[in-house]
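The values are calculated or read from the model by the stated rules, or taken from the named source; none is laboratory data. Because the structure is a prediction, the values reported are computed rather than measured. Here the Cβ positions follow ideal geometry from the backbone for every residue, glycine too, while neighbour counts run over all protein chains shown. SASA here: full protein model, heavy atoms, side chains in, ligands and nucleic acids out. Shrake-Rupley method; radii C 1.70, N 1.55, O 1.52, S 1.80 Å.
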Amino acid sequence: MERWLVWGAGAIGGTLGAYLARAGHDVTLVDTVAEHVAAINRSGLTISGPIAAFTTPLPAFTPSTLQGAWDTIILATKAQHTQVAARALLPHLTPAGCVISAQNGLNELAIAAVVGEARTVGAFVNFGADYLEPGSILYGGRGTVMVGEAFGDPSQRVSPRVVAIRDAWRDFDERAAATPNIWGYLWGKEAYGAMLFATALTNDSIADALARPEYRALYIALAREILAVALARGVHPEAFDGFDPAAYLPDAPAGAAEQSLDQLVAHNRKSAKTHSGIWRDLAVRKRPTEVDAQLGIVVSLGAEAGVPAPLTSTVVKLIHEIERGERAQSLDALDALARVMA
């Protein structure tokens, strides 16, 4: 039986860890929130929502109390905490082990800088989940789950360890798959994620915000800007869960991007998680978002490739204004972004 260490037991890591533990895998959780760790050790980790409702016992630790080493570590912290978490988990990673990034963003780059490219595995997770309170997580809606090598020989990106991870993760979602193009999924989600950051400028749900006809040209331009950076870096973006990157490219057929937005609206209407984690960070948890780690990096990579990203950099600026309490979440903020496109 393989042993799993999940570093970051919030919405994503907690859901994955709970499902793997319930299926009989040996899972240990690590989280910096002491109350969450205590609740899990006292009463188990509870998953609620429309897909399944269960409580599973499993050991949980704070980073300072953890001992031992693991071959397989799932890193599921917020993107801005990646570097600190990677350094903290390094003593617990075996020499032949690997770290799997189950996060939003391009965090494989930061992880590899700490643990090495050979010990870094990429993952794409697009399911909807929210941390509710200590020991309790809402699993609100299914989404694509992909695993693939992030570095090394392009012809060997579906490696034996990737296949083993995929097989285990099918105990969470039977549709989990392996891909030779994990960067294509990660960059595709960067484009979709930029649209989610734009919706979080408002108080609308994801579906309601994306459905507004007056802002559709803005969402399309934002996705197109991100994808231009991906293409400049030689990445072929992949489609997932109603988001088709090809529909947003300049040579796409007329109406293709609008049709993709319709599919995204339909996908999000099915989820019990109505608002993004970004919106929740701003409106509910009153804490900094992942905007620098997710979108700030795109602006930097775009500059390196000679591809300007004015809309993306403006999203970063507006999100920071909301974080600092200088701007309210409202359609006015979305209008401020739209003015950059004019």
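Derived from the Cα gyration tensor, the three semi-axes of the equivalent ellipsoid of region 76-208 are 25, 17, 16 Å, largest first.
Ranking 341, 195, 146 from most to least accessible surface, computed with a 1.4 Å probe over the protein chains only, gives 341, 146, 195. Taking all C-alpha pairs of region 41-102, those more than 17 Å from each other amount to 54 percent. Straight-line cross-link reach from residue 78 at under 14 Å between alpha-carbon atoms covers these aspartates and glutamates, not counting any fewer than eight positions away in the same chain: 31, 108, 130, 281, 290, 292.
Distance between the 7 Å Cα→Cβ label points at residue 26 and residue 52: 2.1 nm. Using C-alpha pairs below 8 Å separated by at least 6 residues, the relative contact order for region 1-61 is 33 percent. Translational diffusion coefficient of region 187-250 at 37 °C, 0.692 mPa s, Stokes-Einstein with Kirkwood Rh over Cα pairs, in µm²/s as a whole number. The diffusion coefficient I find is 275 µm²/s.
Length gained on full extension, residue 171 to residue 2: 59.5 nm, using 0.36 nm per residue less the C-alpha separation. Tell me, what is the FRET efficiency for residue 65 and residue 274 to the nearest 0.05, using R0 = 30 angstrom and their Cβ-Cβ distance as r? For R0 = 30 Å, the calculated efficiency reads 0.25. Principal-axis analysis of the Cα atoms of the chain puts helix 34-43 at an angle of about 50° to the longest axis. With distances taken between every two different alpha-carbon atoms, the chain has a Kirkwood hydrodynamic radius of 20.2 Å. As a size descriptor, the averaged projected area of the C-alpha convex hull of region 1-74 was calculated at 4.7 nm².
How big is the accessible area of residue 2 in square angstrom, nearest 10, if you roll a 1.4 angstrom probe over the protein chains? About 70 Å², ignoring ligands and nucleic acids. Projected onto its three principal axes, the C-alpha set of region 263-342 covers 40, 33, 26 Å, listed from the longest axis down. Cα-Cα pairs above 22 Å in region 205-342: how many percent? In whole percent, the long-distance tail amounts to 41. For region 163-317, averaging the sequence separation of C-alpha pairs within contact (under 8 Å, six or more residues apart) and dividing by the residue count gives a relative contact order of 26 percent. Set the Förster distance to 22 Å, then compute FRET efficiency between residue 118 and residue 84 from the Cβ-Cβ distance, nearest 0.05. It comes out at approximately 0.50. For the chain, the relative contact order is 14 percent, taking Cα pairs closer than 8 Å that sit 6 or more residues apart in sequence and dividing their mean separation by the residue count. Report the FRET efficiency, 1/(1 + (r/R0)^6), for residue 38 and residue 339, where r is their Cβ-Cβ distance and R0 is 51 Å, rounded to 0.05. Between residue 38 and residue 339 the formula returns 0.60. With both labels modelled 7 Å from their Cα along Cα-to-Cβ, the residue 203 to residue 258 distance reads 3.0 nm.
Against the longest principal axis of the chain, how steep is helix 216-232, in degrees 0 to 90 to the nearest 10, with axes from Cα atoms? Roughly 60 degrees, rounded to the nearest 10. Over every Cα atom in region 133-177, the radius of gyration and the widest Cα-Cα span, Dmax, amount to 13.8, 43 Å. Over the Cα atoms of region 140-241, the radius of gyration divided by the Kirkwood radius equals 1.05; this is the Rg/Rh ratio.
Helix 11-22 and the longest principal axis of the Cα set of the chain meet at an angle near 40°. Note on region 1-143: Cα Rg divided by 2.2 N^0.38 Å, N the number of residues, gives 0.96. Ranking of 131, 192 by solvent-accessible surface, largest first: 131, 192 (1.4 Å probe, protein heavy atoms only, all chains present).
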